[in-house]
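Report on one structure; see the data block that follows.
The values are calculated or read from the model by the stated rules, or taken from the named source; none is laboratory data. Keep in mind the model is a prediction, meaning the values are calculated, not measured. Neighbour counts are summed over all protein chains in view; Cβ atoms, including those assigned to glycine, are modelled from backbone coordinates with ideal geometry. Side chains included, ligands, DNA and RNA excluded: accessible areas come from the protein's heavy atoms. Shrake-Rupley method; radii C 1.70, N 1.55, O 1.52, S 1.80 Å.
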Amino acid sequence: TFNGWYSDPELTEKVEGIPEGRTGFVRAYASWTPLSGGSVIINFIGPNENFTVPNKIEKHYADGERYSIDIPLITGYTPDREKVEGTMRTSDIVITVTYFANEHEIKVKTGQTDLETPEGWTKESDGVFSRTFSYASEIILPELSREGYTFRWSPDVPDSMPDNDLEFEAIWTETTTG
């Protein structure tokens, strides 16, 4: 913080002004008080292009002051820490918080006990498979076929993964010929 101008290097005689009519060189010394403490600066990184990064947080604290800053919660994502805490020192503290997409399980019940495990899926039991999907990722369920039948998934499959586990069942309908 600027404290003013002084006429001596020891900063004991404050200059209140320059007399009117004065000409020539005037030597003055600036007095400064260093700011104590610093800022806590929190930057954010997301996991993918679908993630909207929060604005950086910057807060000033006095030297020795305790700080505790809550990290913003964002649906579908988990930060690598919930809070930034510590004691301020005399220089800035820069912290990067990384968000990770939440992962959830999709379970499919195919109704086919002789079905091979689809690629990328885990067999839970005969005809039941599971797979982990990240929040907001595209959902692609196994393609099924059975002679003489058509099928659909129930309930309807959303385009992208919500922030919860899902379960789908294959509904088989016998095709009629005639």
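Evaluate the range 88-96: report whether one residue or more is out of contact with any Gly (no Cβ under 8 Å at 6 or more places or on another chain) and over 30 Å from A62 (Cα atoms). Checked the range 88-96: no residue is out of contact with any Gly (no Cβ under 8 Å at 6 or more places or on another chain) and over 30 Å from A62 (Cα atoms).
Taking the criterion of being part of a strand (DSSP E or B), in contact (Cβ under 8 Å) with a residue 40 or more places away in the chain and surrounded by fewer than 14 Cβ atoms within 10 Å (Cβ to Cβ), the only residue of the range 155-178 that qualifies is E167. In the range 33-63, the residue that is farthest from F2 (Cα to Cα) out of those that are in contact with a strand residue (DSSP E or B) (Cβ under 6 Å, 6 or more places away or on another chain) and open to solvent by 80 Å² or more (accessible area, probe 1.4 Å) is I45. Annotation: of all residues in the range 64-82 being more than 20 Å from P47 (Cβ to Cβ) and open to solvent by 70 Å² or more (accessible area, probe 1.4 Å), the one that is nearest to the chain's Cα centre (by Cα) is D70.
One residue stands out among those in the range 129-139 that are at pLDDT 95 or above and of a type in the set (A, V, I, L, M, F, W, C): the one that is farthest from A101 (Cα to Cα), which is F129. Checking each residue in the range 136-154 for being out of contact with any Ser or Thr (no Cβ under 8 Å at 6 or more places or on another chain) and not in a strand (DSSP E or B) picks out I140, L141, E143, S145, E147.
Criterion applied to T78, T122, T90, T98 was being polar (S, T, N, Q) and farther than 30 Å from G38 by Cβ, and the one residue passing it is T122. Pairing residues of the range 112-126 that are in a loop (DSSP other than H, G, I, E, B) with residues that are of a type in the set (S, T, N, Q), at Cβ distances under 7 Å and at least 6 apart in sequence or on separate chains, gives W121/S130; D126/T113.
A Cβ distance below 7 Å, combined with a sequence gap of six or more or placement on separate chains, defines the contacts here; from the range 134-154, residues that are on the phi > 0 side of the Ramachandran plot reach residues that are open to solvent by 70 Å² or more (accessible area, probe 1.4 Å) and not aliphatic (A, V, I, L, M) in the pairs A136/N50; G148/E174.
Within the range 87-103, the set of residues being in a strand (DSSP E or B), modelled with pLDDT of 95 or more and more than 15 Å from F44 (Cβ to Cβ) comprises just one member, E103. For V108, the stated conditions do not hold, so it cannot be described as open to solvent by 30 Å² or more (accessible area, probe 1.4 Å), of a type in the set (A, V, I, L, M, F, W, C), in contact (Cβ under 8 Å) with a residue 40 or more places away in the chain and not in a loop (DSSP other than H, G, I, E, B).
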